[in-house]
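A short worksheet on the structure shown next.
The values are calculated or read from the model by the stated rules, or taken from the named source; none is laboratory data. Note that this is a predicted model, so its numbers are computed, not measured. In this analysis, Cβ positions are derived from the backbone assuming ideal geometry, glycine residues included, and neighbour counts consider all displayed protein chains.
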Amino acid sequence: MKALELNDTMIIAKGGERTCYAHPKDVKKVIKIVHTLNIHNKQNELEYSYMNYLVNKNTDLSALTKCYGYISTNKGKGLIFDRVLDFDGSASKSFRYMLAKQLIPLEEQKILINDLKIYLEKNNVLFVDTSLTNIFCPRISENVYRLIIVDGLGAKRLGLKFFLYKLSKTYTKYKIKRQWQKFMQMYKKDLKRVALGERPFTRL
Ligand SMILES: Nc1ncnc2c1ncn2[C@@H]1O[C@H](COP(=O)(O)OP(=O)(O)O)[C@@H](O)[C@H]1O
Ligand SMILES: [Mg+2]
């Protein structure tokens, strides 16, 4: 089959490892392609494996973006996911963006964060790369928001730990708690930064 043509106008954002393109044939999907040339953590392979693992366990995926497998493109092999969109179809922003621009009251942020924590614990989902840009904050109606994790699931690399998490529920539960603490540290640090209003955020 002919490779799908992607170009730079379709780029939504670039992460540390992958470029995220808007799917040219489906407005509700994105295609992620590894852009780091040499050593990389195989983020696509890892997420593909982890998402399949969750699907096989009948996990509730409502706070994640569903994965639809690989597609060959002119930029290389890409992995397809749902695109996070607002209720009116416009592109959603990251949680970090909402926080930096003070678009959601603190009280509501607390509720959203707590809902996400409950989701991760209840469904045993590992969110390890707890950057606030890996969480999106779609508007699901006029003044209602949700949190959706778009990246950083499973493990940081395809190694022994990733294998062990899948075997041991206890280990997974422990790791979920540890990573949540890390997330909260990052969140509080960002809140302080907003309150001080000194250094503007560069990555949103
Ligand atoms: N499903 C998605 N819907 C909308 N935007 C996304 C989605 N996934 C990623 N993005 C955007 O693309 C950026 C890079 O994707 P990401 O998966 O985080 O790559 P990396 O693994 O390199 O960090 C994200 O920070 C986000 O801004
Ligand atoms: Mg990322």
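The set of residues in the stretch 163-204 being more than 23 Å from Arg96 (Cβ to Cβ) and outside any helix (DSSP H, G or I) consists of Ser168 alone.
Residues satisfying the criterion are present in the stretch 143-154 (criterion: within 15 Å of ligand 2 (Cβ to nearest atom) and of a type in the set (Asp, Glu)). Annotation for the stretch 145-166: no member residue is out of contact with any Leu (no Cβ under 9 Å at 6 or more places or on another chain), exposed (fewer than 12 other Cβ atoms within 10 Å of the Cβ) and modelled with pLDDT of 95 or more. Scanning the stretch 131-148 for residues that are in a strand (DSSP E or B) and within 9 Å of the chain's Cα centre (by Cα) gives Ile135, Phe136, Ile148. What about Ser72, is it within 15 Å of the chain's Cα centre (by Cα), within 28 Å of Lys42 (Cβ to Cβ) and either loosely packed, with under 13 Cβ neighbours inside 10 Å or of a type outside the set (Phe, Trp, Tyr) (or both)? Considered against the rule, which asks whether it is within 15 Å of the chain's Cα centre (by Cα), within 28 Å of Lys42 (Cβ to Cβ) and either loosely packed, with under 13 Cβ neighbours inside 10 Å or of a type outside the set (Phe, Trp, Tyr) (or both), Ser72 comes out as no.
Checked against (1) within 16 Å of ligand 2 (Cβ to nearest atom); (2) crowded, with 17+ Cβ neighbours inside 10 Å; (3) not polar (S, T, N, Q), Gly16 passes all but a single condition, namely (2). Is one or more of the residues making up the stretch 1-9 away from ligand 1 (no atom under 12 Å from the Cβ) and either part of a helix (DSSP H, G or I) or closer than 19 Å to Val128 by Cα (or both)? Yes; the residues of the stretch 1-9 include at least one that is away from ligand 1 (no atom under 12 Å from the Cβ) and either part of a helix (DSSP H, G or I) or closer than 19 Å to Val128 by Cα (or both).
Would you confirm, using the coordinates I've provided, whether Tyr21 is within 11 Å of ligand 1 (Cβ to nearest atom), within 15 Å of Asp151 (Cβ to Cβ) and not in a loop (DSSP other than H, G, I, E, B)? Yes, satisfied.
Answer yes or no as to whether Cys67 is within 8 Å of ligand 1 (Cβ to nearest atom) and closer than 17 Å to Ile135 by Cα. Don't jump to the end; show me each part of the working.
Numbers: within 8 Å of ligand 1 (Cβ to nearest atom): no; closer than 17 Å to Ile135 by Cα: yes.
Taking the combined requirement at face value, the residue does not satisfy it.
Considering the stretch 48-63, the residues that are in contact with a Phe, Trp or Tyr (Cβ under 9 Å, 6 or more places away or on another chain) and surrounded by 12 or more Cβ atoms within 10 Å (Cβ to Cβ) include one that is nearest to Leu112 (Cα to Cα), namely Ala63. Checking the stretch 134-144 against the condition returns a match, with at least one residue being basic (Lys, Arg) and in contact with a strand residue (DSSP E or B) (Cβ under 7 Å, 6 or more places away or on another chain).
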